[in-house]
Amino acid sequence: AEARTSADAIHRKEIDINRRGIAMVAALTHTTVLPGMTHALDVSAAHFEGETGMSVSYSRRINENVQVNFGAASTTDFDESVVRGGVGFQW
């Protein structure tokens, strides 16, 4: 729908930004290191209402019970990005 007022245009831009964020976060995965392995790498993509996000995630097993992980996602034009990191404990 066409924007009728400047407020409509602002809201439309905010909705588009939200769609881009949803696409990026949907692409952002948590990679689990399988038993007997030390590293894991995941490359993902997601599409949401006309917007596409892509991501790379990495995990490393520190010891038998601990893994660290991080990931980064972006829109396809690299205008926005999301990063995350974490530590996983297993017992």
**Message:** Could you go through region 56-73 and let me know if any residue there is touching a helix residue (DSSP H, G or I) at 6+ places or on another chain (Cβ under 8 Å) and of a type in the set (Ser, Thr, Tyr).
**Reply:** no
**Request:** Please give the number of the condition His30 fails out of (1) under 30 Å from Gln90 (Cα atoms); (2) in contact with a Lys or Arg (Cβ under 9 Å, 6 or more places away or on another chain); (3) without any contact (Cβ under 8 Å) to a residue 40 or more places away in the chain.
**Result:** (3)
**Prompt:** If you check Thr32 against the conditions, is it more than 17 Å from Ile22 (Cβ to Cβ) and either in contact with a His (Cβ under 9 Å, 6 or more places away or on another chain) or of a type in the set (Ser, Thr, Tyr) (or both)?
**Reply:** yes
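Per-residue answers, yes or no, for (1) in a helix (DSSP H, G or I); (2) under 21 Å from Gln90 (Cβ atoms); (3) of a type in the set (Val, Ile, Thr):
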position	(1), (2), (3)
Arg12	yes, no, no
Ala40	no, yes, no
Ala46	no, no, no
Thr52	no, no, yes
Ser59	no, yes, no
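Yes/no matrix, rows are residues, columns are (1) more than 24 Å from the chain's Cα centre (by Cα); (2) surrounded by 15 or more Cβ atoms within 10 Å (Cβ to Cβ):
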{"site": "Ser6", "(1), (2)": "yes, no"}
{"site": "Ile10", "(1), (2)": "yes, no"}
{"site": "Glu14", "(1), (2)": "no, no"}
{"site": "Ile17", "(1), (2)": "no, no"}
{"site": "Val25", "(1), (2)": "no, yes"}
{"site": "Thr29", "(1), (2)": "no, yes"}
{"site": "Leu34", "(1), (2)": "no, no"}
{"site": "Leu41", "(1), (2)": "no, no"}
**Request:** Among the residues of region 48-64, write down those that are over 10 Å from the mean Cα position of the chain (by Cα) and either surrounded by 12 or more Cβ atoms within 10 Å (Cβ to Cβ) or of a type in the set (S, T, N, Q) (or both).
**Result:** Phe48, Glu51, Thr52, Tyr58, Ser59, Arg60, Arg61, Ile62, Asn63
**Fill in**
Those residues of region 65-91 which are in contact (Cβ under 8 Å) with a residue 24 or more places away in the chain and over 16 Å from the mean Cα position of the chain (by Cα) amount to Asn65, Val66, Gln67, Gly88, Phe89, Gln90, Trp91
**Prompt:** Do we find that Ala45 is surrounded by 11 or more Cβ atoms within 10 Å (Cβ to Cβ) and in contact with a helix residue (DSSP H, G or I) (Cβ under 9 Å, 6 or more places away or on another chain) in this structure?
**Reply:** yes
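Just so you know, all these numbers are worked out from the coordinates, no wet-lab data involved. From a predicted model like this one, the values you see are computed outputs, not experimental measurements. Quick reminder, even Gly has a Cβ in these numbers, built from the backbone with ideal geometry, and neighbours come from all protein chains shown.
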